[in-house]
Structures are given as C-alpha cells and as structure tokens.
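Chemist: One structure, as structure tokens, below. Some questions next.
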Amino acid sequence: MGFEQLVTVDTHEEHLRTVNYLASTARPAIVIAGNGMCAGGRIVNYLKAMLGDTRHNVVFVGYQGKGTPGEAIQLHGPSGGYVELDRERFDINAGVHTAKGYSAHADQVELVEFVTGMKEWPTQIRLVHGEAAAKKVLGNILSRKYSLEKRPLELFIP
C-alpha cells in the first residue's frame, strides 16, 4: 500500500491494543473495520470503546439490516440513543453518518431486470438472501414474469 501512515492490524492481540490505544488517546484516526451489520467481529470492539465519545464518528457504507446493531446505531444514534452489543447497553454520543450509493445490494426492479435481461433465463432460481416478506414478493413477481412469457421456472425460497 502507498499510504505512509497506514497501519494494518493482523492479530487479535494487536487489534485489542489498537482499540485501547485509540479509545484512551485523543489522536485522530480512521478505522476501517468491516463487518456488515455490526453484529460480530472486530467492529464490535471499536464500537463498544468509542460510541460513547463525541470526538468519534461512525460512517456506514451501505445497507444495515432490520433488527441489527448497525440499524439501531443508524436509527437511534442521531438522537442520542443507545445500542445493545453483546447483551450490554452502549450510549451513542458519537456522530453517525451513512454514505449512500455504495451498497452491493440491488433493489427488486434491478433483480428482475437482471434475470430477464439474460440471453437464456434460468429455469431454477433460489432466493436465499433478504427478509422473508421481500423474498416472497420478489418470488411472486418473477413467477408472474415467467408465466407471462410462458417460460418454465422452479422457484425455491428456503
């Protein structure tokens, strides 16, 4: 990498030292700690250590699923709320921001266009990611499209 001040953290021990160092000093830092919905992984330690401090900001890039800690931080952070992490309550005093336009998720229309835009439409589709109600609606839309075009479809929604 070409960033002179870039520090990578490879081990769990280094990670914990870094969290403690950043939480106890006023040094500026940008921490990139990915874990989707803030439900596990290294991000949880950073959040526990820093959410209560107004000097810090949390920037979400992308979607946070319903009922996840990430969604709770997005919803309640701006109003000085709290989030539960590992069954413990943490007040949110840090700034909370969401950068739009970086999600890898497609909406319903984009998914249908993706499937129907294929040279050969798949004859089997498995909807395995997302909320149950949304998968059901998407499945119904795809079934109708296939039916109107008189194309065979085996649809699976586990």
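Chemist: Which of the following residues is in contact (Cβ under 8 Å) with a residue 24 or more places away in the chain and of a type in the set (Lys, Arg): Lys48, Lys119?
Modeler: Step by step, each of Lys48, Lys119 is checked, and only Lys48 is in contact (Cβ under 8 Å) with a residue 24 or more places away in the chain and of a type in the set (Lys, Arg).
Chemist: Pick from Ile157, Ile73: which is under 30 Å from Ala49 (Cα atoms) and at pLDDT 90 or above?
Modeler: Details: Ile157 fails: under 30 Å from Ala49 (Cα atoms).
Going through Ile157, Ile73 in turn, just one is under 30 Å from Ala49 (Cα atoms) and at pLDDT 90 or above: Ile73.
Chemist: Also, quick follow-up: Quick one: in the stretch 1-24, which of the residues that are of a type in the set (Ser, Thr, Tyr) and either at pLDDT 90 or above or in a helix (DSSP H, G or I) (or both) is farthest from Asp91 (Cα to Cα)? Break it down stepwise before answering.
Modeler: Initially, the stretch 1-24 is screened for residues of a type in the set (Ser, Thr, Tyr), giving 8, 11, 18, 21, 24.
From the residues that got through so far, the ones that are either at pLDDT 90 or above or in a helix (DSSP H, G or I) (or both) too are 11, 18, 21, 24.
Working: Thr11: 28, Thr18: 21, Tyr21: 20, Ser24: 17 Å.
In this case the residue turns out to be Thr11.
Chemist: Show me the strands (runs of 3 or more DSSP E) found entirely inside the stretch 47-158 where at least 1 residues are crowded, with 17+ Cβ neighbours inside 10 Å and in contact with a Ser or Thr (Cβ under 7 Å, 6 or more places away or on another chain).
Modeler: Hits in the stretch 47-158: 57-61.
Every residue, every condition in (1) touching a Leu at 6+ places or on another chain (Cβ under 7 Å); (2) without any contact (Cβ under 8 Å) to a residue 12 or more places away in the chain; (3) among the aromatic types (Phe, Trp, Tyr); (4) under 21 Å from Ile32 (Cβ atoms), yes or no:
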site	(1), (2), (3), (4)
Arg55	no, no, no, yes
Gly65	no, no, no, yes
Pro69	yes, no, no, yes
Phe90	yes, no, yes, yes
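The values are calculated or read from the model by the stated rules, or taken from the named source; none is laboratory data. Here the structure is a predicted model, which is why all the values come from computation and not from measurement. Positions of Cβ are backbone-derived with ideal geometry, glycine not excepted, and every protein chain shown enters the neighbour counts.
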